[in-house]
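The values are calculated or read from the model by the stated rules, or taken from the named source; none is laboratory data. Bear in mind that the values here come from a model prediction, so they are computed numbers and not experimental data. For neighbour counting, all protein chains shown are included, and Cβ atoms are generated from backbone atoms with ideal geometry for every residue, glycine included. All accessible areas refer to the heavy atoms of the entire protein, side chains included, with ligands and DNA or RNA removed. Shrake-Rupley method; radii C 1.70, N 1.55, O 1.52, S 1.80 Å.
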Amino acid sequence: MTTPALLPLSGRRLPPLNLGASAFPHHRATLRLSEKFILLLILSAFITLCFGAFFFLPDSSKHKRFDLGLEDVLIPHVDTSKGGKNLGGFLIHGQGHDEHRHREEEERLRNKIRADHEKALEEAKEKLKKSRDEIQAEIQTEKNKVVQELKKKDSKPLPPVPLPNLIGINSGEPADPDIREKRNKVKEMMKHAWDNYRQYGWGHNELKPIARKGHSTNIFGNSQMGATIVDALDTLYIMGLHDEFREGQEWIDKNLDFSVNSEVSVFEVNIRFIGGLLAAYYLSGQEVFKIKAVQLAGKLLPAFNTPTGIPWAMVNLKSGVGRNWGWASAGSSILAEFGTLHMEFVHLSYLTGDPVYYNKVMHIRKLLQKMDRPNGLYPNYLNPRTGRWGQHHTSVGGLGDSFYEYLLKAWLMSDKTDMEARKMYDDAIEAIEKHLIRKSNGGLTFIGEWKNGHLERKMGHLTCFAGGMFALGADGSRDDKAGHYLQLGAEIAHTCHESYDRTTLKLGPEAFKFDGGVEAVAVRQNEKYYILRPEVIETYWYMWRFTHDPKYRQWGWEATQAIDKYCRVSGGFSGVKDVYSSSPTYDDVQQSFFLAETLKYLYLLFSNDDLLPLDNWVFNTEAHPLPVLHLANTTLSGNPAYR
Ligand code: DMJ
């Protein structure tokens with residue numbers, strides 16, 4: 001008996017059900033079946049069973065019978081000692097039973113089958129009488145069940161991992177009342193930024209504090225993934241803003257969904273989302289953050305499907321299709337983007353026991369190691385199809401910056417065992433010092449940009465992070481040049497402070513020049529803005545940790561006051577368009593990194609060193625702290641022993 005033979009029962013074919021198959025591609029076939037079709041299928045199976053049972057019942061005259069398992073037809077108290085055999089659940093009885101009793105039972109069985117059959121037919125007819133709306137509602141219920149099942153499957157707990165030593169997550173209260181007050185001021189600013197985002201931009205990526213509505217940029221595609229929530233979590237945590245942390249966690253748990261048809265920046269999503277989620281996981285121990293980080297990482301992996309394994313800059317989270325920025329030289333991927341995945345991806349492999357993430361970033365490293373470097377410098381552009389450099393432009397600011405930072409931090413994060421990363425860092429920094437770092441006529445050390453054999457004497461705000469990086473890398477440097485690198489860090493911090501101090505607002509411009517009598521000042525109008533960036537304050541904090549020179553706290557306090565005075569509005573904090581103007585206009589964006597980085601580094605600057613000590617924590621480039629992994633004598637090649 002086949003299903004089509006039953007179709008006339010319904011009198012008409014229902015249109016095939018569409019249970020949102022696009023959302024659940026692997027359930028596509030099932031979900032397209034019509035509901036009636038499913039009913040009829042069940043019915044036909046039942047009828048087949050009934051008729052089969054009816055026609056193939058053994059003849060009782062042969063005094064043998066199979067127990068069908070129906071309670072009301074069971075022969076009670078079968079005694080196998082009287083010749084009955086138990087064969088794997090089927091009972092075969094011996095001869096000598098009363099024939100009349102068997103006929104009666106057989107008749108009763110036939111009647112029961114007939115009655116069940118009729119009942120099933122009635123039920124099926126009832127179902128077929130249902131209105132379209134009722135059927136739709138039932139479909140919806142079934143669909144919800146499938147969604148719930150899938151969710152359960154997706155969020156199944158990951159293998160347990162022994163957590164590294166998580167030291168200093170609840171410390172840092174300074175004894176000095178003046179410093180405590182400054183620290184509290186920073187916390188109050190965080191609260192102002194968060195509360196306004198909470199009120200006007202909740203769930204959007206960022207906030208427009210003047211228009212008082214959500215904001216997003218192309219780095220997040222057209223998604224609404226709550227970038228500010230994810231980016232801010234660990235800052236909330238270390239500041240003790242636990243209610244705010246919990247509302248963020250709740251939103252992430254209920255709403256953060258990566259199955260969106262949105263083309264996002266692999267780099268930005270990695271540093272802000274994966275970094276933010278991993279840090280929140282390590283600080284709070286809440287599994288949801290780890291699970292979300294791993295889900296998201298899975299969505300980024302298709303970006304690595306290029307001929308060389310160098311990932312595309314962007315990937316569509318739903319389709320997995322990747323591409324590069326239109327503006328990048330010759331279709332290239334960007335050094336600071338594909339070179340800033342290492343920390344997060346190593347942690348993903350550590351936490352999941354799956355080497356796929358580790359292998360992806362190690363492949364990038366190996367490929368870079370093999371390539372010729374003009375003057376020992378890494379160009380910012382690399383074509384992921386050909387594996388060849390694009391334009392020979394090298395920068396420690398935008399397009400290059402965090403690649404160098406991650407070489408150093410890979411070494412630190414490995415408990416200083418990843419010597420390959422340390423060597424690459426040392427080699428790169430040597431070439432940078434030789435070709436890019438100069439002293440201005442006025443005695444300011446600056447880092448310029450190398451463009452096709454020519455040094456541009458311009459430094460970006462982004463480049464100012466390098467002061468902290470040099471200080472962080474001083475210990476363990478080649479030829480014991482620790483003092484030299486700490487000094488270099490101090491000089492960069494000084495130069496960047498000058499770039500702030502020489503403005504009207506005491507906030508630094510986006511880029512500043514050292515040319516034609518100009519020193520640490522922006523020349524072009526479109527380089528005079530300050531968008532709440534953290535790099536200068538980041539360097540103050542590292543320099544403070546390594547030297548405890550009070551000037552770094554002083555400079556940090558100057559910046560705090562300037563931000564509060566010129567960037568604070570009633571709806572949050574905004575960037576300003578011209579730091580040299582006494583009546584600046586706002587850009588109306590509260591960047592997520594303001595909460596993730598700028599305010600976190602300020603808070604750390606006014607905290608004791610036992611809050612997130614640098615021997616135990618390494619900050620990713622978005623200031624998300626990740627613990628040092630003590631992996632000496634181990635590999636991350638998927639050995640379950642290290643899960
Ligand atoms: C942040 O997202 C990160 O620090 C990144 O490495 C560079 N730019 C911004 C902040 O300026």
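The distance linking the stretch 557-572 with the stretch 351-389 is 40 Å (Cα centroid to Cα centroid, whole angstrom). About its Cα centre, the dipole of the stretch 177-627 is roughly 800 debye, where the only charges are +1 on Lys and Arg Cβ and -1 on Asp and Glu Cβ. Restriction of the trypsin sites (Lys or Arg not before Pro) in the stretch 261-342 to DSSP coil positions whose beta-carbon has at most 16 other beta-carbons within 10 angstrom yields LYS318. Cross-link pairs exceeding 24 Å between alpha carbons, from the set LYS423/LYS458; LYS506/LYS551; LYS506/LYS600; LYS370/LYS451: LYS423/LYS458.
Taking the protein heavy atoms of the stretch 488-567 in the context of the full set of protein chains, the accessible area attributed to carbon and sulfur is 49 percent at 1.4 Å. Full extension of the segment from HIS242 to HIS454, taken as 0.36 nm per residue of separation minus the current Cα-Cα distance, would add 71.2 nm. For ASN616 and MET371, the FRET efficiency from 1/(1 + (r/R0)^6), where r spans their Cβ atoms and R0 equals 25 Å, is about 0.15. Each pair of Cα atoms in the stretch 200-353 enters the Kirkwood radius, and Stokes-Einstein at 37 °C and 0.692 mPa s then converts it into a translational diffusion coefficient of 206 µm²/s. Applying 1/(1 + (r/R0)^6) with r as the Cβ-Cβ distance of LYS439 and ASP475 and R0 = 25 angstrom yields a FRET efficiency of 0.50.
Largest first, the residues GLU99, GLU597, GLU449 sort by 1.4 Å accessible area into GLU99, GLU449, GLU597.
Projecting the Cα positions of ILE531, GLN286, TRP557 onto the charge dipole of the stretch 177-627 (unit charges on Cβ atoms of Lys, Arg, Asp and Glu, taken about the Cα centre) puts ILE531 furthest along the positive direction. Counted residue by residue at 0.36 nm each, then reduced by the alpha carbon distance between them, the extension gain from HIS363 to HIS100 reaches 86.6 nm.
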